[in-house]
Amino acid sequence: MAVRTLVLLAEALFCLGVYGLLTRRHAVGLLLSIELILNAAALNFVLFSRVFDQVAAQAFTLFIIALAACEAVVGLAIIIRLTRTAQTIYADEATVLKG
Amino acid sequence: MIMPQLALIPAFPLAAFAILILAGRHLGRWSAWLAIVALAAALGLTLTIWHAPFAGQPLIFQWTWLIGSQPWLLGLRVDGLSWIMLVVVTSIGSLIACYSTGYMHGDPRYSRFFAYFSLFCAAMLGLALADNLLLLFICWELMGLCSYLLISFWFEKPSAAAAGRKAFLTTRVGDVGLFAGILCLAWVPHGSLQFAALPVVAQQVATPTLTLISLLIFMGAVGKSAQFPLHVWLPDAMEGPTPVSALIHAATMVAAGVYLIARTFPLFTPASLHVVLTIGLITHVFAGTIALTMTDIKRVLAYSTLSQLGLMVVAMGIGAWPAAMFHLVTHAYFKALLFLAAGSVIHATHEQELSKLGGLARTMPITSTVFLIASLSMSGLVGLSGFWSKDAILLAARHYAPWLFWVLLGGAGMTTAYIARLYLRCFYGAAAPHHGHAPHESPAIMSLPLVALAVGAALVGWIGSPGFSPFFTLLGVHEAHGFDLPVAALSTLALAVGSTVAWIVGFRRRNLLPAFLRPAGLALYRLAAHKYYVDELYQRLLIHPVWALGGLLSTFDRVVVDGAVNGSGRVGAWASEVQAWIDREILDRCVNAIGTTTRGLGRVMRWIQTGMVQHYLLMAVIAVVVLAVTVR
Amino acid sequence: MNTAAVPLAILSALVLVGALWVVTLHNLFRAALSLGLVFLGIAGLFICLGAEFLALVQLLIYVGAILVLIIFAIMLTNSWQRETLPASRQRLPAALAALALFALLARATWVLAWPAQIPGGATRLKDLGLVLVKTLVLPFEVISLIFVVVVVGAIAVAAPRKGQS
């Protein structure tokens, strides 16, 4: 029961992150959503490390936290760049990719 | 005895070359010291293995190069002969490298010079160490390359660039012969390229074949050692920096030809030895007479080198190869010293024309003294190095044929005459007027190697003197020749006559000839001063015909080949007109239709591409859902 | 429902509500604070699962560093925000897609046979450290390399080019 609900919680967290990624217009909002997704993964890793008794999974959680830090730094750098080149902070107004 | 450390001997200078060519720019004046240290290390290593050559047991290091039905072995081998060459090259090389730090000071390509210098030393050491003709040939060609690079080192000077080209092309003529000889030796039945196997080869191969092979190999030696008729490159090679002239074009590389003959001596048949003797004798006399008339210091020394190399080849021709090698060693020391001293003069006065020099004995005492020692050694003053080696050759010549003895004695007198003339006119007499600064003694870094070489030039001959002759023990020759008083007396007489003539005719400028002989003497002088018109002869007989042939071919090119090309071009142009019509009317329309269709499709597809990342992401999520639902 | 499940349920509710706020709140600053709430909830869950060290790291790195960085970013870009911001035009399709994704994942995991209870006991920190420096030493080193790349890359991306201020 408990394991199953926690898996569902992680999935819900992931899908909320995806929803935020799709709807947030502000670039920093995208960063927040990505953090949600990463946290969902981290939660899953810790849960499974307990369930399957694998310490290595917790090590991967550490890696995820480290990568999240990296991602936040690079994301912030990209946002600063975006405000300079596209003169906007809104993700849907930066349409350089338009065909 | 197997000894892999042998590979280190050439590896030191080779490593110095690699470092200098890659990073020389950043090393600055340290690049010189790198080269010197590498050479000194090679010298030290050579000296530490002295016991094996003296004991008569060779040191060997071999590896397989190509694998076939019969594997090709490459290898290094040190016996007495090659050990002597190693000592000569490394000792003279490191002294000259020291000297060069002073001579080349301030040159824009300073480190490049030492890179080439190290590469040359590596190649020369490899040549001395090679245990077979193939490796020897590889190093031989490497030396040729270094010689070319160093002669045309100041390539901004057109004459230096031309001299480099001339040296490269002329020696190439000899190298073709050497290569053909190596090929023949490899392909004849029972042939082998290993030096150790040559005596056996000589017994099994038919004499005419052997004569052919040995003459082809001798051709290589003629090119490298600048023997007549391929001697023309050496005097021009004096365009290079003087230390290069000393090391490469006097002491070591040009002696490689003589070394080659000594190495392959078992292959030489009596017939080919006759040819060797003839060529050597012609070169000895002919270059000696030219040296008498030259007025440029370095050119006098260059022709003197030719003449001395001729003397060594003569000794080879009469079968006295140990004597030839002995003269090679002593010559290396005193000729290197002569060149370095001449370089010191040029460095101090920036002048190398004899007419503009004089009285330098007062301002340059060290240079003057060492020059005198080297000159006396070369002339064969009793007790100095040159005396012992020349004496050995004269003795061998007397055993061979009396006439040859007298000719060589005359040659010895001539040697004394030209070197005494050079010395007197350069260091005595009235001091020539100098523009700019007064000449001064060279710095210590240049004069110390001079003094060290002077000691060598004076004393090195004692290793081969009668009664005490480790030199001949090294070469495995045991019948030491005795001290022959008449020969010594006659050569001293030749020295006296030669120097007297030089004093009267060369220095005091008195014409000794009776009046009726003067026109003939003048003609002879002109002939020698123009180097017997050999260059002009080559120009007329070889270069002009080649140019004419080139002109002929170019005409053929223009008329026949170009005509054919133009004709086919016209046909091609007509054909392409037709093709262009087909292209325009049929192909283009098809292509345009395809393009229009694609553009229409693109317009339809374009609305999906909003450029917004979130739209793409939404599509990706939907795609994941759809795929997950449908695919399972 | 036993007593151990009570904190688990509270924390789960905290995480869910916080996450919902993160993606729906109009004010970005509040959304960022809600993210802090989520981080706290996750850290609590880690403790319940016996991973105290990870909970500590979660608090230190996520709340202490990443959240601060994000709030800093929001303040930095404040001048670019407009007061009246129309909501995204693709909210409805996005909600549908996310729900479909959730349904898919839930259906896939619900049918699996899970152990009834979470095994008790805590992870020994020593084991975790040994795994990090033994079996996973290569990824561990790669992570440090990635740090360097990230720092250099972030500077390169964010630094003003010539002609820009």
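Got at least one residue in segment A:51-71 being closer than 24 Å to C:Arg161 by Cα, at pLDDT 85 or above and in a helix (DSSP H, G or I)?
If we filter segment A:51-71 for residues that are closer than 24 Å to C:Arg161 by Cα, which is where we start, we get A:70-71.
In the following step, the residues that additionally are at pLDDT 85 or above were identified as A:70-71.
Retained after the next criterion (residues that are in a helix (DSSP H, G or I)): A:70-71.
Yes, segment A:51-71 contains a residue that is closer than 24 Å to C:Arg161 by Cα, at pLDDT 85 or above and in a helix (DSSP H, G or I).
Restricting attention to segment B:519-535, which residues are open to solvent by 100 Å² or more (accessible area, probe 1.4 Å) and of a type outside the set (A, V, I, L, M)?
Of segment B:519-535, the ones open to solvent by 100 Å² or more (accessible area, probe 1.4 Å) are B:524-526.
B:Tyr525, B:Arg526 - these are the residues of segment B:519-535 that are open to solvent by 100 Å² or more (accessible area, probe 1.4 Å) and of a type outside the set (A, V, I, L, M).
Part of a helix (DSSP H, G or I) and either open to solvent by 10 Å² or more (accessible area, probe 1.4 Å) or at pLDDT 85 or above (or both), is that true of B:Trp154?
Working: part of a helix (DSSP H, G or I): no; either open to solvent by 10 Å² or more (accessible area, probe 1.4 Å) or at pLDDT 85 or above (or both): yes.
Against the criterion (part of a helix (DSSP H, G or I) and either open to solvent by 10 Å² or more (accessible area, probe 1.4 Å) or at pLDDT 85 or above (or both)), B:Trp154 does not qualify.
C:Thr123 fails exactly one of the following numbered conditions: (1) loosely packed, with under 13 Cβ neighbours inside 10 Å; (2) part of a loop (DSSP other than H, G, I, E, B). What is the number of that condition?
Result: C:Thr123 fails condition (1) only.
If a residue must be facing chain A (nearest Cβ under 8 Å) and among the small types (Gly, Ala, Ser), how many such residues does segment B:594-632 contain?
1
Output the residues belonging to segment B:193-220 that are of a type in the set (S, T, N, Q) and in contact (Cβ under 8 Å) with a residue 24 or more places away in the chain.
Going through segment B:193-220, the residues of a type in the set (S, T, N, Q) turn out to be B:194, B:203-204, B:207, B:209, B:211, B:214.
Hits for segment B:193-220 are B:Gln194, B:Thr207, B:Thr209, B:Thr211, B:Ser214.
State the number of residues belonging to segment B:31-73 that are open to solvent by 40 Å² or more (accessible area, probe 1.4 Å), part of a helix (DSSP H, G or I) and either in contact (Cβ under 8 Å) with a residue 60 or more places away in the chain or out of contact with any helix residue (DSSP H, G or I) (no Cβ under 6 Å at 6 or more places or on another chain) (or both).
Qualifying residue count, segment B:31-73: 8.
Only residues that are farther than 10 Å from B:Ile318 by Cα and crowded, with 24+ Cβ neighbours inside 10 Å: list them for segment B:388-402, please.
B:Trp388, B:Ser389, B:Lys390, B:Asp391, B:Ala392, B:Leu394 - these are the residues of segment B:388-402 that are farther than 10 Å from B:Ile318 by Cα and crowded, with 24+ Cβ neighbours inside 10 Å.
Conditions tested, residue by residue: (1) under 14 Å from B:Trp233 (Cα atoms); (2) among the hydrophobic types (A, V, I, L, M, F, W, C).
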residue	(1), (2)
B:Tyr110	no, no
B:Leu119	no, yes
B:Leu135	no, yes
B:Trp154	no, yes
B:Gly164	yes, no
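When the residues of segment B:169-194 are narrowed to those that are under 25 Å from B:Asp236 (Cα atoms) and among the β-branched types (Val, Ile, Thr), which ends up farthest from the chain's Cα centre (by Cα)?
If we take residues in segment B:169-194 being under 25 Å from B:Asp236 (Cα atoms) and among the β-branched types (Val, Ile, Thr), then B:Val176 is farthest from the chain's Cα centre (by Cα).
Could you pull out every one of the helices (runs of 4 or more DSSP H) wholly within segment B:290-364 that has 1 or more residues that are closer than 16 Å to B:Leu408 by Cα? Explain how you work it out, then say what you get.
On the way: elements: B:297-317, B:321-349, B:360-363.
So the answer is B:297-317, B:321-349.
I need a count of the residues in segment B:194-242 that are assigned to a loop (DSSP other than H, G, I, E, B) and either open to solvent by less than 20 Å² (accessible area, probe 1.4 Å) or modelled with pLDDT of 90 or more (or both).
8
Which residue out of A:Gly29, A:Gly20 is in a helix (DSSP H, G or I), under 26 Å from C:Gly64 (Cβ atoms) and at pLDDT 90 or above?
A:Gly20
Which residue out of B:Ala52, B:Ala38 is within 26 Å of the chain's Cα centre (by Cα) and under 18 Å from B:Leu8 (Cα atoms)? Steps first, answer last, please.
On the way: B:Ala52 fails: within 26 Å of the chain's Cα centre (by Cα).
From the options B:Ala52, B:Ala38, the qualifying one is B:Ala38.
Which residues, taken from segment B:11-30, are of a type outside the set (A, V, I, L, M, F, W, C) and surrounded by fewer than 24 Cβ atoms within 10 Å (Cβ to Cβ)?
Step one: list which residues in segment B:11-30 are of a type outside the set (A, V, I, L, M, F, W, C), which gives B:13, B:24-26, B:28-29.
Correct list: B:Gly24, B:Arg25, B:His26, B:Gly28, B:Arg29.
Just checking, does segment B:517-524 include any residue being under 29 Å from B:Leu230 (Cβ atoms) and in a helix (DSSP H, G or I)? Spell out how you get there, then give the answer.
First, the residues of segment B:517-524 that are under 29 Å from B:Leu230 (Cβ atoms): B:523-524.
Remaining after also requiring in a helix (DSSP H, G or I): B:523-524.
Yes, some residue in segment B:517-524 is under 29 Å from B:Leu230 (Cβ atoms) and in a helix (DSSP H, G or I).
Quick check on segment B:493-518: of everything there that is over 33 Å from the mean Cα position of the chain (by Cα) and closer than 20 Å to B:Gly386 by Cα, which residue is most open to solvent (accessible area, probe 1.4 Å)?
This residue is B:Leu493.
Give A:Leu30, A:Leu62, A:Leu38 a once-over and let me know the one that is aliphatic (A, V, I, L, M) and within 14 Å of chain B (Cβ to nearest Cβ). Don't jump to the end; show me each part of the working.
On the way: A:Leu62 fails: within 14 Å of chain B (Cβ to nearest Cβ); A:Leu38 fails: within 14 Å of chain B (Cβ to nearest Cβ).
Result: A:Leu30 is the single residue among A:Leu30, A:Leu62, A:Leu38 that is aliphatic (A, V, I, L, M) and within 14 Å of chain B (Cβ to nearest Cβ).
Which condition number does A:Leu76 fail, the rest of (1) more than 7 Å from chain C (Cβ to nearest Cβ); (2) touching a residue at least 40 places away in the same chain (Cβ under 8 Å) being met?
Unmet for A:Leu76, out of (1) more than 7 Å from chain C (Cβ to nearest Cβ); (2) touching a residue at least 40 places away in the same chain (Cβ under 8 Å): (1).
Looking at segment B:121-151 only, could you name the residues that are assigned to a helix (DSSP H, G or I) and either open to solvent by 40 Å² or more (accessible area, probe 1.4 Å) or more than 19 Å from B:Ser225 (Cβ to Cβ) (or both)? Even if it seems obvious, please write down each step before you answer.
Initially, segment B:121-151 is screened for residues assigned to a helix (DSSP H, G or I), giving B:121-129, B:133-151.
Scanning segment B:121-151 gives B:Ala122, B:Leu129, B:Leu134, B:Leu135, B:Ile138, B:Glu141, B:Leu142, B:Leu145, B:Tyr148, B:Leu149.
The values are calculated or read from the model by the stated rules, or taken from the named source; none is laboratory data. Because the structure is a prediction, the values reported are computed rather than measured. Virtual Cβ from ideal backbone geometry, glycine too; neighbours counted across all protein chains shown. All accessible areas refer to the heavy atoms of the entire protein, side chains included, with ligands and DNA or RNA removed. Shrake-Rupley method; radii C 1.70, N 1.55, O 1.52, S 1.80 Å.
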